[in-house]
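Every read-out reported here was derived from the displayed coordinates using simple, explicitly stated rules and does not represent laboratory data. Keep in mind it's a predicted model, so treat the numbers as computed, not measured. Note that each Cβ is placed from the backbone with ideal geometry, even for glycine, and that neighbours are counted across all protein chains shown.
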Amino acid sequence: MKNNWWKGLAVVLLLYVAVAGLLMPVPRLAILNESIRNLYFHVPMWFGMTAVLTASVYYSVRYLRTPTPQLDILSHEAAKTGIYMGFVGLATGSIWAKYTWGAWWTNDPKLNGAAIAMLIYGAYLVLRSSFQDEQQRARISAIYNIFAFAAAMPLFFILPRLTASLHPGAGGNPAFAKYDLDSNMRLVFYPAVIGWTLLGFWLAQLASRVAFLKQKVYDKQLA
Amino acid sequence: MQLVREIGYLMQKDFRLEWRQRATLSGMLLYVGSTVFVCYISFALRGGELPAPAWNALFWIILLFTAVNAVAKGFLQESRGRQLYYYALVRPQAVILAKIGYNVLLLLGLGGVGFALYALVLGNPVQDVPLFLLNMALGAIGFASTLTLVSGIAAKATNSHTLMAILGFPLMIPMLLLLIKVSKNALDGLEFDASRSSLLTLVALNMIVGAVSYLLFPFLWRS
């Protein structure tokens, strides 16, 4: 229990977010209206994705220093979890956009950045599957993971700020800014970010455990 | 100092090889030429002049594909035995820096020829040529440093040519967006201040990509 307190925290926070996020009062803003509640579900996905992918890069770096199959599995499963969270982020954003902007997808720097991130990690998965040798697969996908993260990730935080965007939070559109994220919303938003991020790590941990077990079974069969 | 000498030798070797088997070099030049001509023919059918945004986008797409094709052969062409030979002679950092340097010069040459041909057949709406050329040089450096490591990664896998595109394109989209933006500014003859921040971001991006390639290549090399 001592090491698993954060899982309990994740459950409590997410239950709170689900209830409070849907029931607590939110500011009445034009266009956004009740859809502002998506802030509690859509935005934390990206926070969680970034955190989990950073963890994946961390394991890749450690793999390159000391190559062990465990580190490779951890990095791979963290990357996969990040991809899932990214897809949920895209889906929640897309549904939100349909009702607020009237289109599932618009040509917007933030949306394009998210799509590129998904393409990069899709390429990572394809790269992994195109090696027969396990050690080579582990090392080369670790290299690509670090390279892609360093080359593309900073840009997702810089590029949208250089260009005008329709996305909330940019170009004077109402969203996550000091004047409209009122204190009531903060009460839910910050727990939501922490909760979803913890859930992301939990998922990655579970997936890694399954992968460890699979590896064990495989090794036993070989022996 | 030793490193600089090794880079010098390796680049010299690359140029000498290129010069001796002129087929690949002339093949690439012809590739640029025929792509430009295909674009010219397909737009000439409609008659009238190409609007500036389309001119710009088309030019960069041509350069992008040329770059992928030109850089891809860098590591794909080197046989395993020759790689081992370098391994015994020089340090890995020299290999990657020499390859990047060689590819930068190659892409500069190809980009210059492409621009000349393109302007010849499709007209030259660029109002600020020095800025356009500076931007193209930054583009060549960026494409070369991104694609060189990617080609090194792809060369290790089985389906290298597909991998080259799917690994490289998403990584290059952010760079490409910045390049297209600056080159549009050059086309419209905007003041330098309008493109300064994008140019600085490009320089920073090139440095990140170069540094990460430098750090990661020794690991890629070992296999």
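Listed here are the pairs B:99/B:181; A:2/A:80; B:13/B:181; A:98/B:181; A:2/A:214; A:80/B:156; which of them are more than 31 Å apart at the Cα? The partial results should precede the final answer.
Details: B:99/B:181 28 Å; A:2/A:80 27 Å; B:13/B:181 36 Å; A:98/B:181 28 Å; A:2/A:214 27 Å; A:80/B:156 23 Å.
Over 31 Å apart, Cα to Cα: B:13/B:181.
How large is the dipole of the protein assembly as shown about the Cα centre if only Lys and Arg carry +1 and Asp and Glu carry -1, each at its Cβ, rounded to the nearest 20 debye? Please list the in-between numbers first.
Numbers: 35 positive and 18 negative charges, 270 e Å.
Here the size comes out at about 1300 debye.
Helix check for chain B. Which DSSP H runs span at least 18 Å along their own axis by Cα, with a mean Kyte-Doolittle hydropathy no less than -0.5?
Working: long enough: B:2-20 (27 Å, -0.67); B:22-44 (32 Å, 1.32); B:52-76 (36 Å, 1.46); B:92-122 (43 Å, 1.71); B:129-156 (40 Å, 1.55); B:160-188 (39 Å, 1.25); B:192-221 (42 Å, 1.33).
Span-like helices here: B:22-44, B:52-76, B:92-122, B:129-156, B:160-188, B:192-221.
Tell me the angle of helix A:42-65 to the major Cα principal axis of chain A, expressed in degrees between 0 and 90 and rounded to the nearest ten.
Long axis of A:42-65 versus the principal axis of chain A: about 20 degrees.
What residue among A:193, A:56, A:131 has its Cα farthest toward the positive end of the dipole of region A:29-222, where the charges are +1 on Lys, Arg and -1 on Asp, Glu, each on the Cβ?
Highest projection toward the positive end goes to A:131.
Evaluate peptide B:148-154: per residue, the Cβ atoms of other protein chains within 10 Å of its Cβ; return the mean as an integer.
Working: counts 0, 4, 5, 0, 2, 6, 4.
Other-chain Cβ atoms within 10 Å of each residue's Cβ, averaged: 3.
Under a crude label model (7 Å from the Cα following the beta-carbon direction), how far is residue B:165 from residue A:221 in nanometres?
Here the modelled spin labels are 3.5 nm apart.
I want to check the label-to-label distance for residue A:126 and residue B:52. Put each point 7 Å from Cα in the C-beta direction and report it in nm to one decimal.
3.5
Place a label point 7 angstrom from the Cα of residue B:208 along the Cα-to-Cβ direction, then list the residues of region A:47-70 whose backbone nitrogen is under 19 Å away.
A:47-61
Below 8 Å, C-alpha to C-alpha, sequence gap of six or more: please give me the relative contact order for region A:29-222 in percent. Don't jump to the answer; show the numbers that get you there.
On the way: 182 pairs, mean separation 65.1, N = 194.
Across region A:29-222, relative contact order equals 34 percent.
How much length, in nm to one decimal, is gained on full extension between residue B:197 and residue B:19, taken as 0.36 nm per residue of separation minus their Cα-Cα distance? Intermediate results must be reported in sequence, preceding the final value.
Values: separation 178, 0.36 × 178 = 64.08 nm, distance 3.88 nm.
So the extension gain works out to 60.2 nm.
R0 = 51 Å: FRET efficiency of residue A:7 with residue B:83, Cβ-based, nearest 0.05?
Details: r = 47 Å, r/R0 = 0.93.
Using R0 = 51 Å, I get an efficiency of 0.60.
Could you give P(r) for the protein assembly as shown, binned at 10 Å from zero, as whole percent values over all Cα-Cα pairs?
Over the protein assembly as shown, the share of Cα pairs per 10 Å bin runs 4, 18, 26, 24, 17, 9, 2, 0 percent.
Counting pairs of Cα atoms in region B:2-221, how many percent are more than 30 Å apart?
Numbers: 6082 of 24090 pairs.
Of all Cα-Cα distances in region B:2-221, 25 percent exceed 30 Å.
Can you give the FRET efficiency for residue A:19 and residue A:103, using 1/(1 + (r/R0)^6), R0 = 30 Å, r = Cβ-Cβ distance, to the nearest 0.05?
0.45
Which value in deg cm²/dmol, rounded to the nearest 500, describes the helix-derived mean residue ellipticity at 222 nm for chain B, given -39,500 (n - 2.57) per DSSP H run of n ≥ 4 and division by the residue count?
Details: 8 runs with 195 residues, N = 223.
It comes out at -31000 deg cm²/dmol, rounded to the nearest 500.
Normalise the Debye intensity by I(0) for region A:29-222, one equal point scatterer per Cα, no solvent, then take log10 at q = 0.10 Å⁻¹ and round to two decimals.
After summing over all Cα pairs, the log10 values are -0.47.
Peptide B:160-169: average number of partner chain Cβ atoms within 10 Å per residue? The partial results should precede the final answer.
Values: counts 1, 0, 2, 5, 0, 1, 7, 9, 1, 4.
Going residue by residue through B:160-169 and averaging, the value is 3.
Hey, what did chain B get for relative contact order, percent, Cα under 8 Å, at least 6 apart? Mind dumping the intermediate values first?
Working: 209 pairs, mean separation 61.6, N = 223.
Once normalised by length, the contact order is 28 percent.
Would you mind checking the tilt of helix A:69-100 against the longest principal axis of the Cα atoms of chain A, expressed as 0 to 90 degrees and rounded to 10?
Relative to chain A, helix A:69-100 is tipped by roughly 20 degrees.
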